[in-house]
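Engineer: Take a look at the following structure, please.
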Amino acid sequence: MDFSFPQVFDAIAEAVPDREAIVFRERRYTFKQLVERSRSLANYLSQRGLGVTRERSDLEGHESGQDHLALYLYNGNEYIEGMLGAFYARVAPFNVNYRYVEEELLYLFKNSGARAVLYHAEFAPKLEAIMDQLPDLELCIHVEDGTGNTPVPGAVDFDDVIESSSTESPHDTPSPDDLYILYTGGTTGMPKGVLWRSADIHMGGMGGRKMDGVELASIEEVAEYAKSGGGGKSVIGPPMMHGAAQWGAFINFGMGNGIVFPSDNKRLDPHDFLSAIEREKALSATIVGDAFARPILDQLEKQSYDLSGLFVIGSGGAPLSTRNKKEFLEKIPNVTVLDSIGSSETGAQGSNPSTKDSGVSTGDFKPGVGACVVSEDLWRLLEPGDEEMGWFAQQGRTPLGYLGDAEKTARTFPVIGGLRYAVPGDRARYRADGSIEVLGRDSVTINSGGEKIFAEEVEGALKQHANVFDVVVAGRPSDRWGQEVVAIVQLREGATTVEAELLAEAEKHIARYKLPKAIVFRDKIQRSPSGKADYRWAKEQAGA
């Protein structure tokens, strides 16, 4: 069965109306209140003429027949309400990277064809600077945030919209075909809008499957699953503009659990994050790789917190090193570190749980529903134990395509043996035990002396040194090797380490030919707010 998000949330709100769905600062909204507030936004969007222009059956995979709402926001209840309000109105919401400069914003808004934007007041000056170049942008909804910035010309106030609009269900019934749009991070190229049927991403990564991978087969099952969740809380660390945060939030909603946003919604404040877990007695918490893990672990060295109720730390979207996993298990013995893998183009693909008893590994994932490995020539499926290195792929619930780009759609979503796959570009091997070893994105692979060296593998080896706070690896031209490996390293505060010590540690974990030919030390590694490495910046540092 296929469901739209409004169908799902109506069922959850009816099943557990009084459970808290969102906690942010002093605000606490139940599922019933969340649905009512989202419907208010939806009815306003509909009144302003936003919705569906062409039904899905009349469109190609790279085309959209809906109006689009840009979510130009920090974390908070407004982000969730913006997503759900759009879904109720049959408008497609999409994420905006709030770190973008004007030129990048202009590209994103033009590429998306956004007719409306929901934005925090802090971003009003940037938005106003490009509005005269965006004739399609008709509606701006202003969210006050204490900065005092004047709304952009013609903007309406978000709180006024919520208070003045009807909380009844909109008249136009949402469809499982309605779009969920997720823009890629753009760390290796221009951002691309991935188009999902909402029913497919619901099942593929946003709460439509039980923990055992079985899809919920009816709306009645959706309601019962929410009831059975117990109403716990989950702290969401990364920004909602990142898919990992959106998926983590909606998976918890599907289980009838609430989400908690730390009070500081502009950056990771480890004390704020850990205090939220302690205060709300959270059962789980979401982070993104080592960029989140390392500051949180350092804070646990400085101060103790009551984390006795925390059972799961979920990480996705960026590598989480073996050393940091071990340290989590030492500091919070009762926790399971759930390292997950997936992408904007695949949804959730696999997981690697670590406990104090099971031990720790990194890069090995138990494949989820539909996850597989296809051959390098995209001709066949690989089987467990095949020695060939192939592509990490997904079949079944996959996206429709990239917005406005038929060529990239055909390249990333090929048909193999009559079935359509998502192949976003990660190299992988299918091990004999059924696990999948994911080596990293091919676009940041370094070809040195005829050997392929995966940046993430080298990064993981260097992170084993106790003095390394963060590291990113890139290639630079070499007369001898064609390309050579360069590591850009940020040391822990107060630490001093010479190159030879780092290389000696890395040599314990990877072959010598993969070792960096040079190490560049920087005060801070540049990453996106979601913790993803900025490989364009890394290449600049490597070549400097």
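Engineer: In the range 293-336, which GluC sites (Glu not before Pro) are in a loop and have at most 10 other Cβ atoms within 10 Å, using DSSP for the loop call?
Structural biologist: Those that pass, being in a loop and sparsely packed, number zero.
Engineer: Now, a different point. Taking chymotrypsin sites (Phe, Trp or Tyr not before Pro) as exposed when DSSP calls them loop (any state but H, G, I, E, B) and at most 16 other Cβ atoms lie within 10 Å, what is the longest stretch of the chain free of them, the sites themselves excluded?
Structural biologist: 1-310
Engineer: Counting only DSSP beta bridges with both residues in the chain, what percent are antiparallel, rounded to the nearest 5?
Structural biologist: Roughly 60 percent of the beta bridges in the chain run antiparallel, per DSSP.
Engineer: Would you please give the FRET efficiency between residue 279 and residue 479, computed as 1/(1 + (r/R0)^6) with r the Cβ-Cβ distance and R0 = 60 Å, to the nearest 0.05?
Structural biologist: Calculated transfer efficiency: 0.55.
Engineer: Counting other Cβ atoms within 10 Å of each Cβ, which trypsin sites (Lys or Arg not before Pro) in the range 47-121 have at most 13 and sit in a DSSP loop?
Structural biologist: Sites meeting the loop and neighbour criteria: 54, 99.
Engineer: Restrict the search to the range 433-488; then list the trypsin sites (Lys or Arg not before Pro) that DSSP places in a loop and that have at most 16 other Cβ atoms within 10 Å of their Cβ.
Structural biologist: Within the range 433-488, the qualifying trypsin sites (Lys or Arg not before Pro) (loop, at most 16 other Cβ atoms within 10 Å) are 480.
Engineer: Starting from the 7 Å offset along Cα-to-Cβ, what nm value, one decimal, do you get for the label separation of residue 420 and residue 522?
Structural biologist: 3.8 nm
Engineer: Note down the magnitude of the dipole of the range 449-543 about its Cα centre, charges +1 on Lys and Arg C-beta and -1 on Asp and Glu C-beta and zero elsewhere, to the nearest 20 debye.
Structural biologist: My answer is approximately 200 debye.
Engineer: Additional query: Which value at 222 nm does the chain reach when only helices count, each DSSP H run of 4 or more adding -39,500 (n - 2.57), with the total divided by all residues and rounded to the nearest 500 deg cm²/dmol?
Structural biologist: That calculation yields -9000 deg cm²/dmol at 222 nm.
Engineer: Taking a ≥ b ≥ c as the square roots of the eigenvalues of the Cα gyration tensor of the range 427-488, is the shape rounded (a/c under 1.5), prolate (a/b larger than b/c) or oblate?
Structural biologist: Oblate, since a/c reaches 1.5 and b/c is not below a/b.
Engineer: Extending each Cα 7 Å along its Cβ direction at residue 104 and residue 157, get the distance between those two points in nm, one decimal.
Structural biologist: Simple spin-label model gives 3.2 nm for this pair.
Engineer: Another question about this same structure. Of 315, 175, 166, how do they rank once you tally other Cβ atoms within 10 Å and put the fewest first?
Structural biologist: Least crowded to most crowded, the residues run 166, 175, 315.
Engineer: Enumerate the amide H contacts of residue 157 below 5 Å, restricted to partners 5 or more residues apart or on another chain; note that Pro and chain-start residues carry no placed amide H.
Structural biologist: Hits under the 5 Å cutoff: 142.
Engineer: Can I get the semi-axes of the chain's equivalent ellipsoid? Compute them from the C-alpha gyration tensor as square roots of 5 times the eigenvalues, in angstrom, largest first.
Structural biologist: 36, 26, 25
Engineer: Run the numbers for residue 407 and residue 27: contour at 0.36 nm per residue of separation, minus the present Cα-Cα distance, in nm.
Structural biologist: In short, 132.3 nm is gained.
Engineer: A further question follows. Which whole DSSP H helices in the chain pass both tests: a Cα extent of 18 Å or more along the axis and a mean Kyte-Doolittle value no lower than -0.5?
Structural biologist: In the chain, the long hydrophobic H runs are 289-302.
Engineer: Please find the FRET efficiency linking residue 57 to residue 358, where r is the Cβ-Cβ separation and R0 is fixed at 56 Å, and quote it to the nearest 0.05.
Structural biologist: Plugging the Cβ-Cβ distance into 1/(1 + (r/R0)^6) gives 0.75.
Every number in this text was worked out from the coordinates using simple rules, so none of it is lab data. No experiment lies behind these values; they were computed from the predicted model shown. FYI the Cβ positions are ideal-geometry reconstructions off the backbone, even for glycines, and counts take in every protein chain you see.
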